[in-house]
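Here the structure is laid out as structure tokens; the discussion comes afterwards.
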Amino acid sequence: MALSTDTKAPSRSDLAWAISVGGIATVAFTIFVVFAWYFSATLFLIFAGILLGVALNALTELAGRVMGGPQPIRLALVCVVLAGLLGGLLYLGGATIATQAKTLSGTLKSQVVNVKTYLEQHGVDTSYFDFNAILSEDLKDDTKTTANEIPGTIAPTTAPIPRNSNMPSAGTIASSGGAIVTQTLKILLGTVGAVGNFFIVLFLGLAFAAQPGVYRRGLLQLTPRKYRGPATIVVDRISDTLQRWLIAQIITMLVVGSVTWLGLKLIGIPSSFILGVQAGLLAFIPTVGALLGGLIVVLASLASGWFAGVSAFVLFLGVHALESYILTPILQRQALDIPPATLFAFQITLGVVFGVWGLALALPVLAIVKVVIDFLREDDADEIDAQDAVAA
């Protein structure tokens, strides 16, 4: 029997509506992906500010359990304590950090040159390794200067200045002036950018921590009313997960940095303090940060001899075991439960696509994704249980 005209019209109308909604959703998702791609650095910067706000809020809640009192007073006390610790560290160890950082930089450069020379002497083609990108312009300038000073070596030269002239030519002065201006602008822009990003993250973190309830309510009000209940559960779970993870991560970073510093100091490594600081900071990045920190420690220690290098390597293995098998299981077993291979693959993906920001913030992003997936799986399990109950 043929369908009536009244039946065909709603069917066509529903199909057209479904196609329209699907097309709009596809276009909107494409625009979102393109926007996230082009403005990924800004989005990660904002996300870093949110993480700082979550950390400050978690510390404020911990202070409330100990001393009580209004939230603004506790937040101000936490900020004062953190600022005092940072200021004291810079005041007492600022000169040490600057001196050891300069020494460490020169040591790492020389070790990279030694590794490159060793590989070439043993027939390894170093063209596959981007050593020139690792070495800075200062090292290249030092190499040129050394080549000029060593007899029997030929260094590239520019247009010679006549011997009877004590003043450089106008072209040389202009070229040198332009190089100085260019390098100065690069340093200034880099410094302004780094300081600006720091204050952006600091401002966002303080703003989020000062009024967490306001931003929570604002986020939930953007959700349609019928989905507001599940959205509330997801937002609260994400906040709780990030708070517990950040507190555990701060403790882990302090322990890793302190143990590395004291261990290297006992071994007799000159730049032990700055190496401990960088090891603690890199502990924020799971797996990749530990490997990078260990590589820097071993390279810097080799300058003091093979025994120091082997001792530093053993120390790195001990610190890594302490972090992986003691600190992480005890501190983060209630916060995150992500398989290491999944985390490493996600880190590499975000690192390749978004650079340093993606590598550093891969774990909190994956933690948020995991909370959402776990919630959706709970809903599916509840629906299956309800269907089984109805069928029974």
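Throughout, read-outs are computed from the coordinates displayed, never taken from laboratory work. For clarity, every value in this text was computed on a predicted model and none was experimentally measured. Glycine also receives a Cβ, built like all others from the backbone with ideal geometry; neighbour counts cover every protein chain displayed.
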Next on the checklist: Given points 7 Å out from each Cα along the Cα-Cβ axis, report the V27 to V112 separation in nanometres with one decimal.
Outcome noted: 4.9
Checklist entry - Using all Cα-Cα distances in the range 256-371, what percent lands in each 5 angstrom bin from 0 up to the longest? => result 2, 12, 21, 21, 16, 13, 9, 4, 1, 0
Item to check | V372-L219 pseudo-label distance in nm [points 7 Å out on the Cα-to-Cβ vector] | outcome: 1.2
Checklist entry - How high is the relative contact order of the range 270-382, in percent, counting Cα pairs under 8 Å that sit 6 or more residues apart? => result 19
Checklist outcome for this item: Rounded to the nearest 0.05, FRET efficiency between L291 and S239 (Cβ-Cβ, R0 30 Å) equals 0.45
Checklist entry - Say R0 is 45 Å: what FRET efficiency, to the nearest 0.05, do F198 and W17 get from their beta-carbon distance? => result 0.35
